[in-house]
1. When you go through 257, 278 one by one, which is the residue that is within 16 Å of the ligand (Cβ to nearest atom), within 20 Å of the chain's Cα centre (by Cα) and farther than 26 Å from residue 44 by Cβ?
2. Mind checking which residues of the range 47-60 are in a loop (DSSP other than H, G, I, E, B) and either open to solvent by 20 Å² or more (accessible area, probe 1.4 Å) or basic (Lys, Arg) (or both)?
3. Is it fair to say residue 132 is closer than 23 Å to residue 251 by Cβ, modelled with pLDDT of 95 or more and part of a helix (DSSP H, G or I)?
4. So is residue 183 free of Cβ contacts under 8 Å to residues at least 12 places away in the same chain and aliphatic (A, V, I, L, M) or not?
5. So, in the range 202-222, how many residues would count as being more than 23 Å from residue 277 (Cβ to Cβ) and within 15 Å of the ligand (Cβ to nearest atom)?
6. Checking residue 225 against (1) in contact with an Asp or Glu (Cβ under 9 Å, 6 or more places away or on another chain); (2) farther than 17 Å from residue 136 by Cβ, which single condition isn't satisfied?
7. Residues 105, 44: which one is open to solvent by 20 Å² or more (accessible area, probe 1.4 Å) and either assigned to a strand (DSSP E or B) or out of contact with any Cys (no Cβ under 7 Å at 6 or more places or on another chain) (or both)?
8. Please pick out the residue among 240, 261 that is more than 30 Å from residue 30 (Cβ to Cβ) and touching a Pro at 6+ places or on another chain (Cβ under 7 Å).
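The values are calculated or read from the model by the stated rules, or taken from the named source; none is laboratory data. All values derive from a computational prediction rather than experimental measurement. Because the Cβ atoms are built from the backbone with ideal geometry, glycine has one as well, and the counts that use them run over all protein chains shown. Surface areas here come from the heavy atoms of the whole protein model, side chains and all, with no ligands, DNA or RNA. Shrake-Rupley method; radii C 1.70, N 1.55, O 1.52, S 1.80 Å.
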Amino acid sequence: MPRPLFSSSIAGSLPKPDWLAEPDKLWPQWKSAGAALAQSKDDATLLWIKAQEDAGLDVIGDGEQSRQHFVHGFLEHVEGIDFENKVRMGIRNNRYDAMVPQVVAAIRLRGRVHEREARLLRAHTRRKTKFTLPGPMTIVDTVADRFYGDRIALATAFADLLNQEALALQADGIDIIQFDEPAFNVYPADAADWGVSVLERAAKGLICTTAVHICYGYGIKANIDWKSTLGDEWRQYESVFPALAASAIDQVSLECVNSHVPAHLMALLKGKDVMVGVIDVATDSIESPEQIAETIERALQHVPKDRLLACTNCGMAPMRRDVALKKIEALAAGVALARQRQSEG
Ligand SMILES: [Zn+2]
């Protein structure tokens, strides 16, 4: 079946119900443990699969209900990392502090990382599925290194572990594997220099669709404050898009609506599918279908119609659950309107 026009999906994360974890937090505490927690994660995943289907999204994800945080959820399954003794570290070029685990020995996977939720997702929707993993450069920026002593060496080591899990996710039946690389916008020169090639290493050998999500972060205060320092034109993408256009990665997810990213930068992604952010995750106000259709139409000036996919600007983990639900409904309604306008010419 051909892909629907402006195929819609969320960037990745969705809020966790308050019976699963503390609401409105980026690093929430789980509300249960052991088998009860595993069951609660499954239940929350099923609930969001249904909500995405009911809204009418074309590509369905697990909403990252099974991981505490998009990076540390992966690290918990890695040997050589000390989670007992977290340290405070400025992350994203010291934009905000986080308590991060430490790399203390050579890293390797303990086993599968996301098998349970990936198979649950595959078993419970007939639509295309997307699964997210943190990108190697962003992992390196969210962990304290006490062993490798070199960012590229550590990122390369993580890329090999990510590749191992990505190949297994593909075998689970996942259609699109997306790596989240917000760090690309923090270190744009490094991203072009080595970030993209290390990312390709993480995606090596995948025959499913591959994607990368590059954003200006969750809608939390530290990020909103940072964005206000970036000036009228955010040109971070300008460094990394040419490298991505020349890479083996199939799709690129970027921030668009309410951002100061010059729309013409999207033209640098020639030959790639462009996932255009049409939903702002930094505000609780719900986009109207007209607004979303207009964002898509603006992007169409720089992206061919059959290459344009509709997405959220970023993950919705720290949002209110009711707001996130309304936003995914809005996304589907906006895409439906944009399709209708296209067919009317
Ligand atoms: Zn993001």
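1. Values: 278 fails: farther than 26 Å from residue 44 by Cβ.
Just one listed residue meets the conditions, 257.
2. Residues of the range 47-60 in a loop (DSSP other than H, G, I, E, B): 56-58.
Of everything in the range 47-60, those that are in a loop (DSSP other than H, G, I, E, B) and either open to solvent by 20 Å² or more (accessible area, probe 1.4 Å) or basic (Lys, Arg) (or both) turn out to be 56, 58.
3. So residue 132 fails the test.
4. Details: free of Cβ contacts under 8 Å to residues at least 12 places away in the same chain: no; aliphatic (A, V, I, L, M): yes.
No: the conditions fail for residue 183.
5. Restricting attention to the range 202-222, the residues satisfying the condition of being more than 23 Å from residue 277 (Cβ to Cβ) are 204-207.
Right, trim to within 15 Å of the ligand (Cβ to nearest atom) and you get none.
Within the range 202-222, residues that are more than 23 Å from residue 277 (Cβ to Cβ) and within 15 Å of the ligand (Cβ to nearest atom) number 0.
6. Here residue 225 clears every test but (1).
7. Numbers: 44 fails: open to solvent by 20 Å² or more (accessible area, probe 1.4 Å).
Testing whether each residue is open to solvent by 20 Å² or more (accessible area, probe 1.4 Å) and either assigned to a strand (DSSP E or B) or out of contact with any Cys (no Cβ under 7 Å at 6 or more places or on another chain) (or both) leaves just 105.
8. Values: 261 fails: touching a Pro at 6+ places or on another chain (Cβ under 7 Å).
Being more than 30 Å from residue 30 (Cβ to Cβ) and touching a Pro at 6+ places or on another chain (Cβ under 7 Å) holds for just one of 240, 261, which is 240.
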